[in-house]
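One structure below.
The values are calculated or read from the model by the stated rules, or taken from the named source; none is laboratory data. No experiment lies behind these values; they were computed from the predicted model shown. For neighbour counting, all protein chains shown are included, and Cβ atoms are generated from backbone atoms with ideal geometry for every residue, glycine included.
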Amino acid sequence: MRRYVIGHDVGTGGCKGVLATTCGEMVAHSFQPYEVYHPQANWAEQDPYDWWHAVVEGTRRLLEEGGVDPARIAGLGFAGQMLGIVPVGDGGEPLRPAIIWLDSRADEQAARFIRRFGGRKMVIRVAGAAPSGKDVVCKLAWLQENEPQVFASTRAFLDTTGYLVYRATGKMVIDHTGAGGTGIISGRTRKWSPFLARMLGLPLDEMPPIRSSIDVAGTLGETVAEELGLAEGTPVIAGMADIPAAATGSGALDDGDAHINIGTSSWLCLSVSRPCNLGKHGIAAVVSADPDMFIMIGESETAGACLEWFAQQFASPEEKGRDVFRALDEVADQVEPGAGRLLFAPWMFGERSPVPDTSIRASFVNLSLEHGREHMLRAIYEGVAYNLRWLLDVAARAGFACDPLRAIGGGAKSDVWMQIVADVTRRRVEAVENPQEAGAMGCALAAAVAAGEYGSFKDIKKAVSVRNSYVPREECCRVYDELYTMFRRIYPSLCGVCGKLNSPSSCSF
């Protein structure tokens with residue numbers, strides 16, 4: 001009898017859910033949106049109850065559209081945003097809104113940690129990467145200093161995945177990928193490090209037990225099962241963070257395999273058996289959802305978000321009246337490679353990698369009266385690709401060829417964008433089927449591993465299909481090689497100006 005699995009990718013803009021066979025065939029998918037709140041500059045928060053409501057509604061929709069008997073669901077998994085914290089009380093109730101990955105309020109705490117441990121170079125040498133205001137340890141320090149009552153009342157600091165696992169099973173745990181993103185575990189043992197916690201001045205008493213991503217954390221009780229529309233006793237895995245889930249859903253699982261994501265943010269992710277130190281460029285090594293592997297992640301904060309901004313500000317009523325991103329693809333495709341030598345730096349909300357800098361902002365460079373909105377649009381596509389090439393250059397110097405590149409995220413649905421990435425990076429790009437659901441599918445397939453459907457985690461690779469491949473075109477590559485050299489000069493010229501303009505001490509006008 002065919003069995004099924006459900007995965008939920010609980011991201012920034014909403015919850016993507018999939019119902020799939022244990023062989024990787026997607027039967028139904030859903031999307032439930034929710035809000036991001038910005039109560040102050042550089043703050044980004046969400047309501048954990050919104051996440052759970054989205055999971056409930058999404059699960060019910062999946063079952064309805066898929067027409068599957070709930071008794072045939074072999075497992076359920078959650079993949080949540082990395083680098084966020086949810087302080088919960090004794091009853092598991094959130095004590096404040098979740099501070100999510102995008103939030104950079106803790107810049108002061110990050111700077112203090114760096115000074116305490118001998119400066120940025122020393123921290124990178126010892127820890128592999130220097131902390132920023134967006135990192136968990138810095139957010140915990142901020143909470144301890146600025147909301148001491150919340151900190152003192154906290155039973156456990158959960159992440160997005162851990163909170164959802166708790167709502168589903170009543171168990172307070174954190175999966176090993178989420179724990180890996182905190183900066184206070186030993187990568188070798190995948191356990192909490194008392195030494196690191198003591199060095200950072202953070203207590204471990206409120207950190208939940210660590211479980212492997214493919215461990216069954218618990219099962220659905222009667223009340224929760226009824227709420228979700230599933231069968232009582234359905235297994236729930238400990239789950240994983242969103243990027244490890246996406247790596248799983250991309251199928252880039254062997255040693256040295258790489259994938260890129262172009263969604264709201266973008267990233268380059270490498271699967272490796274042994275990580276190396278690329279922290280200077282904000283590339284962090286964390287544990288993989290595969291218990292035997294690591295992943296190295298270079299995340300850029302805004303990619304698809306830049307295109308969304310353009311669509312909101314400049315798309316015509318006719319374009320907005322249909323599939324706006326397909327319409328923008330058609331416009332961008334008519335512009336010559338290089339966008340009339342107009343460059344775009346896609347740093348609209350600070351940057352994590354390849355340049356760790358929360359104050360940097362985006363810029364159009366070389367804009368002239370000869371350019372129109374279509375050149376600006378094409379430059380956005382290309383600017384995201386240049387940023388990815390920068391990350392690939394860093395990886396190449398460390399010995400990782402990253403060729404071919406698997407591609408996931410909403411941007412991987414665009415033939416125009418994928419061809420630009422291939423031309424800019426000089427790499428073969430393989431866009432997977434259902435690229436926007438890669439994270440949810442990866443988590444669902446991990447639940448299939450837990451259910452005994454695969455002999456090993458890496459066997460998931462055979463369940464992932466490629467939609468289309470894009471080969472670099474030499475005549476375009478030559479254009480982009482020259483412009484990429486110019487792109488690399490933008491950050492050194494811009495960082496000082498943005499640092500002044502976006503400093504908390506700057507005057508308001």
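Which residues, taken from the stretch 465-485, are touching a strand residue (DSSP E or B) at 6+ places or on another chain (Cβ under 6 Å) and of a type outside the set (Lys, Arg)? Full working, then the answer.
In the first step, residues of the stretch 465-485 are kept if they are touching a strand residue (DSSP E or B) at 6+ places or on another chain (Cβ under 6 Å); the result is 466-470.
Hits for the stretch 465-485 are 466, 468, 469, 470.
Is it the case that some residue within the stretch 74-88 is over 23 Å from residue 170 (Cβ atoms), at pLDDT 95 or above, surrounded by 17 or more Cβ atoms within 10 Å (Cβ to Cβ) and in the same structural domain as residue 172 (by TED's automatic domain parsing)? Before you say what the answer is, go through the steps one by one.
Restricting attention to the stretch 74-88, the residues satisfying the condition of being over 23 Å from residue 170 (Cβ atoms) are 82-83.
Still in the list and also at pLDDT 95 or above: none.
There is no residue in the stretch 74-88 that is over 23 Å from residue 170 (Cβ atoms), at pLDDT 95 or above, surrounded by 17 or more Cβ atoms within 10 Å (Cβ to Cβ) and in the same structural domain as residue 172 (by TED's automatic domain parsing).
Quick one: how many residues across the stretch 469-492 are part of a helix (DSSP H, G or I), basic (Lys, Arg) and more than 17 Å from residue 422 (Cβ to Cβ)?
0
Can you find a residue that is without any contact (Cβ under 8 Å) to a residue 24 or more places away in the chain and touching a helix residue (DSSP H, G or I) at 6+ places or on another chain (Cβ under 9 Å) anywhere in the stretch 39-58?
No.
Looking only at the stretch 394-417, how many residues end up being of a type outside the set (Lys, Arg), touching a Ser or Thr at 6+ places or on another chain (Cβ under 9 Å) and farther than 19 Å from residue 311 by Cα?
Residues meeting the conditions: 7.
For the structure I just gave you, tell me whether residue 260 is out of contact with any Leu (no Cβ under 9 Å at 6 or more places or on another chain), outside any loop (DSSP other than H, G, I, E, B) and of a type in the set (A, V, I, L, M). Spell out how you get there, then give the answer.
On the way: out of contact with any Leu (no Cβ under 9 Å at 6 or more places or on another chain): no; outside any loop (DSSP other than H, G, I, E, B): yes; of a type in the set (A, V, I, L, M): yes.
No; evaluated as a whole, the condition is false for this residue.
Out of all the residues in the stretch 292-347, which are more than 27 Å from the chain's Cα centre (by Cα) and part of a loop (DSSP other than H, G, I, E, B)?
316, 321, 322, 334, 335, 336, 337, 338, 342
In the stretch 93-107, is there at least one residue being touching a His at 6+ places or on another chain (Cβ under 7 Å), surrounded by 24 or more Cβ atoms within 10 Å (Cβ to Cβ) and not small (Gly, Ala, Ser)?
No; the residues of the stretch 93-107 include none that is touching a His at 6+ places or on another chain (Cβ under 7 Å), surrounded by 24 or more Cβ atoms within 10 Å (Cβ to Cβ) and not small (Gly, Ala, Ser).
Do any residues in the stretch 141-153 that are within 16 Å of residue 94 (Cα to Cα) and assigned by TED's automatic domain parsing to the domain that holds residue 182 have Cβ atoms under 6 Å from those of residues that are part of a helix (DSSP H, G or I) and of a type outside the set (A, V, I, L, M, F, W, C), where the two are at least six apart or on different chains, and which pairs are they?
Going by the 6 Å Cβ cut-off, the qualifying pairs are 151/144.
Can you find a residue that is among the acidic types (Asp, Glu), in contact (Cβ under 8 Å) with a residue 60 or more places away in the chain and on the phi < 0 side of the Ramachandran plot anywhere in the stretch 293-305?
Checking the stretch 293-305: at least one residue is among the acidic types (Asp, Glu), in contact (Cβ under 8 Å) with a residue 60 or more places away in the chain and on the phi < 0 side of the Ramachandran plot.
Those residues that are in contact with a helix residue (DSSP H, G or I) (Cβ under 8 Å, 6 or more places away or on another chain) and either part of a helix (DSSP H, G or I) or not charged (D, E, K, R) (or both), I need them from the stretch 420-437; list them, please.
420, 421, 423, 424, 425, 429, 431, 432, 434, 435, 436, 437, listed by residue number.
Right, residue 231: part of a strand (DSSP E or B), touching a residue at least 12 places away in the same chain (Cβ under 8 Å) and more than 30 Å from residue 403 (Cβ to Cβ) or not?
So residue 231 fails the test.
May I ask you to say which residue of 501, 445 is buried (at least 22 other Cβ atoms within 10 Å of the Cβ), at negative phi and either under 26 Å from the mean Cα position of the chain (by Cα) or among the hydrophobic types (A, V, I, L, M, F, W, C) (or both)?
Working: 501 fails: buried (at least 22 other Cβ atoms within 10 Å of the Cβ).
Of the residues listed, the single one that is buried (at least 22 other Cβ atoms within 10 Å of the Cβ), at negative phi and either under 26 Å from the mean Cα position of the chain (by Cα) or among the hydrophobic types (A, V, I, L, M, F, W, C) (or both) is 445.
Which one of these does residue 291 not meet: (1) over 23 Å from residue 80 (Cβ atoms); (2) surrounded by fewer than 19 Cβ atoms within 10 Å (Cβ to Cβ); (3) at pLDDT below 95?
Unmet condition: (1).
Does residue 377 qualify as being touching a helix residue (DSSP H, G or I) at 6+ places or on another chain (Cβ under 7 Å) and either farther than 28 Å from residue 133 by Cα or aromatic (Phe, Trp, Tyr) (or both)? Even if it seems obvious, please write down each step before you answer.
Numbers: touching a helix residue (DSSP H, G or I) at 6+ places or on another chain (Cβ under 7 Å): yes; either farther than 28 Å from residue 133 by Cα or aromatic (Phe, Trp, Tyr) (or both): yes.
Spelling it out, residue 377 is indeed touching a helix residue (DSSP H, G or I) at 6+ places or on another chain (Cβ under 7 Å) and either farther than 28 Å from residue 133 by Cα or aromatic (Phe, Trp, Tyr) (or both).
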